[in-house]
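Quick notes on the structure that follows.
The values are calculated or read from the model by the stated rules, or taken from the named source; none is laboratory data. None of the values given here were measured: they were computed from a predicted structure. Positions of Cβ are generated from backbone atoms using ideal geometry, with glycine treated the same way; all protein chains shown enter the neighbour counts.
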Amino acid sequence: MEDDDGLITEVPAHLRGQSAPPPELRREPAEQHLEPALEPALDAPPADHGRPTERTQVRAGTTHAGGVLRQPTGATVPAVWCPAGHFSPPDAPYCRCCGEPVPAQQPLRVPRPPLGALHLPEGQRVLLDRPAVLGRRPLPLPDGDPWPHLVELPADLTHLSRNHVAVELDGWHVLARDLGSSGGTALHAPGRPPIRLRPHDPHVLEPGQSLMLSGDFTVAFRAATT
């Protein structure tokens with residue numbers, strides 16, 4: 001089914017067989033995704049470019065008592081889907097979530113699902129349903145998404161920059177970009193030597209890889225599981 005803008009909001013029956021529509025396409029009331037106390041922070045971006053309010057910081061931060069924020073961003077991607085209801089890139093032979101074969105089908109344009117999650121040393125998880133900026137006192141980037149996850153790293157780690165690294169989404173790709181930090185950022189891939197990121201140049205981040213900030217703070221990227 002298509003909405004007024006031509007966006008697929010329900011997978012055709014001949015593609016989904018007996019499976020239920022995937023969660024990414026279900027229309028649910030906003031209150032099922034957001035804590036009521038956080039709703040006012042989502043009405044509009046801050047009026048200026050100063051420090052976000054505490055409410056905005058919690059809204060855009062890591063996992064907290066109410067769980068991970070799930071809020072549509074409006075981004076869409078072409079996708080195919082497996083019988084379990086998971087979306088994958090159009091050229092994927094196997095599902096990126098469950099590993100099952102993807103049947104031959106015409107791609108659909110759908111709201112982009114989360115592309116995985118960032119895992120921090122103390123157990124916090126940042127769902128990549130939108131870009132993220134990590135640092136000791138992170139702010140949205142002037143040329144970036146106005147509503148990224150702002151991931152505030154420990155203030156006592158003074159060798160980390162206030163805006164240290166950005167994790168951006170481009171279609172189905174996850175990109176890491178050092179923001180000119182003083183301590184630098186290195187990309188670690190299993191079985192390979194670390195790659196130091198050139199400041200401000202994006203680098204594709206693959207599931208299973210990690211970012212080392214200033215040589216001792218690790219952020220791991222893991223693939224989507226649902």
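If you go through region 75-87 one residue at a time, do you hit one that is touching a Ser or Thr at 6+ places or on another chain (Cβ under 6 Å), closer than 17 Å to PRO207 by Cβ, buried (at least 16 other Cβ atoms within 10 Å of the Cβ) and of a type in the set (A, V, I, L, M, F, W, C)? Checked against the condition, which is being touching a Ser or Thr at 6+ places or on another chain (Cβ under 6 Å), closer than 17 Å to PRO207 by Cβ, buried (at least 16 other Cβ atoms within 10 Å of the Cβ) and of a type in the set (A, V, I, L, M, F, W, C), region 75-87 yields no hits at all. Here region 69-85 is the region considered, the condition is being under 16 Å from the mean Cα position of the chain (by Cα) and either of a type in the set (D, E, K, R) or over 11 Å from VAL110 (Cα atoms) (or both), and the residue that is modelled with the lowest pLDDT is LEU69. Of everything listed in (1) over 16 Å from the mean Cα position of the chain (by Cα); (2) surrounded by 14 or more Cβ atoms within 10 Å (Cβ to Cβ); (3) assigned to a loop (DSSP other than H, G, I, E, B), the single unmet condition for ALA186 is (3). Within region 128-171, being in contact with a Pro (Cβ under 7 Å, 6 or more places away or on another chain), surrounded by fewer than 20 Cβ atoms within 10 Å (Cβ to Cβ) and not in a loop (DSSP other than H, G, I, E, B) holds for one residue alone: GLU152. Are any of the residues in region 149-158 modelled with pLDDT of 95 or more and hydroxyl-bearing (Ser, Thr, Tyr)? Scanning region 149-158 turns up no residue that is modelled with pLDDT of 95 or more and hydroxyl-bearing (Ser, Thr, Tyr). Entry remark, region 196-222: residues being in a strand (DSSP E or B), without any contact (Cβ under 8 Å) to a residue 40 or more places away in the chain and within 21 Å of TRP172 (Cβ to Cβ) number 3 in total. Among the residues in region 172-180, are any surrounded by fewer than 18 Cβ atoms within 10 Å (Cβ to Cβ), over 15 Å from LEU120 (Cα atoms) and modelled with pLDDT under 95? Taking every residue of region 172-180 in turn, none turns out to be surrounded by fewer than 18 Cβ atoms within 10 Å (Cβ to Cβ), over 15 Å from LEU120 (Cα atoms) and modelled with pLDDT under 95.
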